[in-house]
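Below you'll find the structure, written out as structure tokens, and then a few comments.
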Amino acid sequence: MIQYLLGELPEAWQARFEELFFTDSEIFTQLQIVEERLIDDYVRGQLLSEQREGFETRYLISERRQQKVAFARTLIQAVAELPSPTNHGTKYQHQTPLPWRERPAALRLAFLGLASVDPDRRPMVSP
């Protein structure tokens, strides 16, 4: 799926993959999750150099995708700047900052909200 998003699939495979994700909602959902993780890894500087290059030259060609990356960057910065919870002497103290491993899940939820207003997103079909 990453190869598809980075435009690295041969044309015939790309066409077949597009048929699958347009007809199978589970594959479409998986593609969205992979895309969100790819964006998260890019913003955090965790892509390999060749993946980063493909991301910048192929993935970021659309304005909508650039907006998704800008949103992710802003969200990650905002989460990183959240103050740590303080101890107010209450009995139930178990408040800890959101661990970095769980932050991508929070980003996925935020992206789902963003995707719900995306005019290019495929409409949901009710069973």
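The values are calculated or read from the model by the stated rules, or taken from the named source; none is laboratory data. Only a predicted model underlies this, so the values are computations on that prediction, with no experimental measurement involved. Cβ: placed from backbone, ideal geometry, glycine included. Neighbour counts: every protein chain shown.
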With within 17 Å of Leu6 (Cα to Cα), part of a loop (DSSP other than H, G, I, E, B) and without any contact (Cβ under 8 Å) to a residue 40 or more places away in the chain as the only criterion, which of Leu47, Leu60, Leu82 stands out? Leu47
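Specify the residue that is surrounded by the most Cβ atoms within 10 Å (Cβ to Cβ); the eligible residues are those in the stretch 1-41 that are under 24 Å from Val69 (Cα atoms) and of a type in the set (Ser, Thr, Tyr). Give the derivation first.
Quick first cut of the stretch 1-41, residues under 24 Å from Val69 (Cα atoms) only: 1-9, 14, 17-18, 21-22, 25-41.
Now narrow it down to the ones that are of a type in the set (Ser, Thr, Tyr): 4, 25, 29.
Values: Tyr4: 16, Ser25: 13, Thr29: 11.
Top of the filtered list is Tyr4.
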Given the residues Gln14, Gln51, which is the only one that is among the polar types (S, T, N, Q), at pLDDT below 90 and over 12 Å from the mean Cα position of the chain (by Cα)? Gln14
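Which members of the stretch 1-32 meet the condition of being in contact (Cβ under 8 Å) with a residue 60 or more places away in the chain and either under 21 Å from Ser62 (Cβ atoms) or among the charged types (D, E, K, R) (or both)?
Going residue by residue through the stretch 1-32, those that are in contact (Cβ under 8 Å) with a residue 60 or more places away in the chain are 22, 25, 28, 32.
Across the stretch 1-32, the qualifying residues are Phe22, Phe28, Gln32.
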